[in-house]
Amino acid sequence: MNHLNPRSRLTAGLVLVLSLVTGGLSGAEKPINLKLGTLAPSGSTYHKSLQAMGEKWRNATGGAVRLTIYAGGTQGSESDMVGLMQTGSLDAGLLTAVGLAEIEPGVSGLQNMPMSFRTLEEVDYVGEKLRPLLEKRLAAKGYAVLFWCDSGWVRFFTTAPVLHPADLKKLKVFSWAGDTHQYDIWKAAGFNPVSLETAGVLQGFLSGTISAIDTPPLFALASQIDGQAKHMLELNWAPLVGAMVVRAKSWDRIPAERRQTLLEAATEAGRHVKAEGRAENDRAVQAMAKRGLQVQKVSPEVEEEWRAQVGKVQALLRGEIVPADVYDEVRRLLKEFRAAGGAKPR
């Protein structure tokens with residue numbers, strides 16, 4: 001016999017129904033929390049684009065996929081973040097070619113070939129042609145690429161005026177800590193590199209440990225580097241190229257039928273990062289110029305001096321910094337683009 005009174009039976013029934021419903025939701029719709037790290041400054045275009053993408057992911061999945069962003073290098077250097085992804089402590093990263101190259105060295109061909117690219121149109125062309133190969137190699141190492149982007153040109157910021165290569169050789173140039181190849185290339189070219197983590201750049205300038213750095217203007221502005229390095233050489237040294245990558249194990253946790261929607265939102269974010277990142281770099285130079293940054297223009301003759309300087313270490317770049325097959329393909333694609341009447345050098 002059922003000894004429960006009517007009210008007790010009603011309460012027991014509601015508890016049973018609620019337990020069944022919530023149990024079903026927790027099994028089918030348990031939130032998937034993805035953690036992403038990046039050096040991109042908090043509040044920058046990059047950060048805001050990632051936030052907008054994360055919001056679209058949350059809305060598109062009814063809250064089933066949530067993205068937590070750790071901006072401004074709070075998770076350490078890019079090398080640190082790659083390590084955290086490898087152990088599963090981070091699921092994703094918006095990384096430059098420096099960090100991506102720790103996963104797949106071929107990515108360095110998009111960035112670490114100084115003075116190879118003359119226009120952003122060349123950067124676009126080579127990037128588009130190389131991505132299928134690079135994405136295949138990254139996938140083989142357990143990472144999915146959700147979008148590629150770039151932030152325009154890397155410039156030299158220095159504590160003393162620099163125009164010619166000989167001027168830079170008198171200064172102490174920042175070199176990414178842990179990147180022994182980059183350090184050796186600087187040395188071989190006759191410069192004075194100093195290995196530092198990115199988090200130590202500003203203190204490095206304050207202490208005199210370094211007196212020059214190659215970085216995008218936006219990062220110089222965000223880090224207030226121009227407060228110490230009050231000179232910028234307007235030389236197209238190299239593009240800053242990056243990508244958002246996700247551990248395949250993390251990406252595969254998301255139901256297959258939902259991934260395409262999330263990928264579309266990521267692709268849109270990538271387009272926004274690229275367009276706004278380039279524009280934001282120009283605005284950053286204008287903002288720093290208003291507070292005292294001295295911008296040194298470069299003539300075609302001086303540009304050739306720098307190109308000749310880099311030419312002396314091309315043999316070290318090929319196979320050391322950039323895998324030989326990728327290096328050769330970048331050179332081939334640039335030749336192809338220019339022969340077809342591509343954008344004229346500025």
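Table: residues versus (1) part of a strand (DSSP E or B); (2) crowded, with 18+ Cβ neighbours inside 10 Å; (3) in contact (Cβ under 8 Å) with a residue 60 or more places away in the chain; (4) touching a helix residue (DSSP H, G or I) at 6+ places or on another chain (Cβ under 6 Å).
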site: Lys129; (1), (2), (3), (4): no, no, yes, yes
site: Ala144; (1), (2), (3), (4): yes, yes, yes, yes
site: Cys149; (1), (2), (3), (4): yes, yes, yes, yes
site: Phe157; (1), (2), (3), (4): yes, yes, yes, yes
site: Pro161; (1), (2), (3), (4): no, no, yes, no
site: Lys170; (1), (2), (3), (4): no, no, no, no
site: Lys187; (1), (2), (3), (4): no, no, no, no
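May I ask you to verify whether Lys136 is of a type outside the set (Asp, Glu), in a loop (DSSP other than H, G, I, E, B) and at pLDDT 95 or above? The answer is no for Lys136. Remark: pairs (first residue in region 217-246, over 21 Å from Lys172 (Cβ atoms) and among the acidic types (Asp, Glu); second residue assigned to a strand (DSSP E or B) and modelled with pLDDT of 95 or more; Cβ separation under 6 Å; 6+ apart in sequence or on different chains) = Glu234/Val295. Right, Gly109: farther than 30 Å from Ile32 by Cβ and either assigned to a helix (DSSP H, G or I) or touching an Asp or Glu at 6+ places or on another chain (Cβ under 7 Å) (or both) or not? Yes, satisfied. In region 1-89, counting only helices (runs of 4 or more DSSP H) that sit wholly within it, the ones holding 2 or more residues that are touching a Gly at 6+ places or on another chain (Cβ under 9 Å) and modelled with pLDDT under 95 span 45-60, 78-87. If you go through region 40-54 and keep only what is crowded, with 17+ Cβ neighbours inside 10 Å and either touching a Lys or Arg at 6+ places or on another chain (Cβ under 6 Å) or among the hydrophobic types (A, V, I, L, M, F, W, C) (or both), you end up with Ala40, Leu50, Met53.
Taking the numbered list (1) within 26 Å of Arg278 (Cα to Cα); (2) buried (at least 23 other Cβ atoms within 10 Å of the Cβ) in turn, Glu121 passes all entries but (2). Considering only residues in region 194-213 that are surrounded by fewer than 22 Cβ atoms within 10 Å (Cβ to Cβ) and outside any helix (DSSP H, G or I), the one that is modelled with the lowest pLDDT turns out to be Glu197. For Gln294, the conditions (1) in contact with a strand residue (DSSP E or B) (Cβ under 6 Å, 6 or more places away or on another chain); (2) surrounded by 17 or more Cβ atoms within 10 Å (Cβ to Cβ); (3) among the polar types (S, T, N, Q) all hold with the exception of (2). Just wondering, is there one or more residues in region 119-127 that are within 24 Å of Leu262 (Cα to Cα) and in contact (Cβ under 8 Å) with a residue 60 or more places away in the chain? Scanning region 119-127 turns up at least one residue that is within 24 Å of Leu262 (Cα to Cα) and in contact (Cβ under 8 Å) with a residue 60 or more places away in the chain. Scanning region 59-86 for residues that are closer than 27 Å to Glu264 by Cβ, surrounded by fewer than 20 Cβ atoms within 10 Å (Cβ to Cβ) and charged (D, E, K, R) gives a single hit, Arg66.
The values are calculated or read from the model by the stated rules, or taken from the named source; none is laboratory data. Given the structure is predicted, the values throughout are model-derived calculations rather than measurements. Neighbour counts are summed over all protein chains in view; Cβ atoms, including those assigned to glycine, are modelled from backbone coordinates with ideal geometry.
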